[in-house]
Amino acid sequence: MVRKYGELYLDARKALRATEGDNAAICARELLSLASGKSVAALLADRELYASEAIEARLNEYLARMLRGEPLAYILGRWSFYGMELTVTPDVLIPRDDTMAVTDLAIDTLREMPSPARVLDLCTGSGCIGLAIAHHLDKCNVTLCDVSAKALAVAKQNIASLRLKSRVTAFEADVTKPAAKFLGQFDLIVSNPPYVTRAEMTQLQPSVRDYEPSLALDGGEDGLDFYRAILDNFTVALKDGGYLCLEFGFGQYMAVGMLLEASGYTDIRFRKDARGIIRAVIAQK
């Protein structure tokens, strides 16, 4: 039996209430939009119209996936970050508001530097940080690097969709190995590396543990393996006087600051996220 769009939306919202709480309404609208091919605005206008059985079947499939714990971003295949619409797949982390802090810090620093600046985004994933920099600073040239070829494929899709091919490139690079000489030197290196401790990996929410790539999460026993690797292997890729900008996890700021000091970095400054948690650092070589 065919049903109205408004009825499908209300039932979807009700089904998601237990797991999504106050976000149930937003999730229901997004899933119905995906199932129908209509914009959210069009759905509001068409709420008294009848949807086809095929649309209802697709909506029920998406609901079942979400109720099993799959993140909305992976179902949609896209996510918004820093004013950009990005492609996301299970091969990359879903961009989060936490990462706004390191992105803000990098952009604020680059605004004070001579143009054009060269920027390297390590462990780039979807490319969200480096692409936000290029999107907002039109004189920056950005290189995105990741060890995962599948993640780089997603980043390249985002470069193309944002029409940034003229100023953004992507290469495969492993931060646990010496920086390739062909990369040259950069004015600023930014990274959101894996920083979840080995113990925390077992305690992650199922939507993260079961769906997001562990390669982009697992930071080793103390969560700091990749910070040591970046300092050891990519300091050489930073110009003298250049800046290293890093995101880190809750409570890790002192340990990361000590690693930077031990590696000879100066002018170490931290940045809080929107919740008041110290989430990012920048330091000068």
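The values are calculated or read from the model by the stated rules, or taken from the named source; none is laboratory data. A quick note: this is a predicted structure, and the numbers were derived from the prediction, not measured. Every residue, glycine among them, receives a Cβ derived from its backbone with ideal geometry; neighbour counts consider all protein chains shown. Remember, those area values only see protein heavy atoms, side chains included, never the ligands or the DNA or RNA. Shrake-Rupley method; radii C 1.70, N 1.55, O 1.52, S 1.80 Å.
Residues checked against (1) in contact (Cβ under 8 Å) with a residue 40 or more places away in the chain; (2) surrounded by 15 or more Cβ atoms within 10 Å (Cβ to Cβ); (3) within 28 Å of Asp210 (Cβ to Cβ):
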{"residue": "Ala12", "(1), (2), (3)": "yes, yes, yes"}
{"residue": "Thr19", "(1), (2), (3)": "yes, no, yes"}
{"residue": "Ala25", "(1), (2), (3)": "no, yes, yes"}
{"residue": "Glu30", "(1), (2), (3)": "yes, yes, yes"}
{"residue": "Ala35", "(1), (2), (3)": "no, yes, yes"}
{"residue": "Ala51", "(1), (2), (3)": "yes, yes, no"}
{"residue": "Glu56", "(1), (2), (3)": "yes, yes, yes"}
Task: Selected residue (criterion: nearest to Asp108 (Cα to Cα)) from residues of the stretch 177-208 that are within 21 Å of the chain's Cα centre (by Cα) and assigned to a loop (DSSP other than H, G, I, E, B) - done: Asn192
- [ ] Answer yes if at least one residue in the stretch 100-111 is of a type in the set (A, V, I, L, M) and modelled with pLDDT under 95, and no otherwise.
- [x] no
TODO: Starting from residues that are within 19 Å of Val119 (Cα to Cα) and over 23 Å from the mean Cα position of the chain (by Cα), keep the ones in the stretch 239-259 and report whichever is surrounded by the most Cβ atoms within 10 Å (Cβ to Cβ).
DONE: Gly242
- [ ] Kindly indicate the residue of the stretch 1-10 that is in contact with a strand residue (DSSP E or B) (Cβ under 8 Å, 6 or more places away or on another chain) and open to solvent by 50 Å² or more (accessible area, probe 1.4 Å) and also nearest to Val40 (Cα to Cα) among those meeting that condition.
- [x] Lys4
Open item on the list: Residues that are touching a Pro at 6+ places or on another chain (Cβ under 8 Å) and exposed (fewer than 14 other Cβ atoms within 10 Å of the Cβ): does the stretch 206-214 have at least one?
Closed with: no
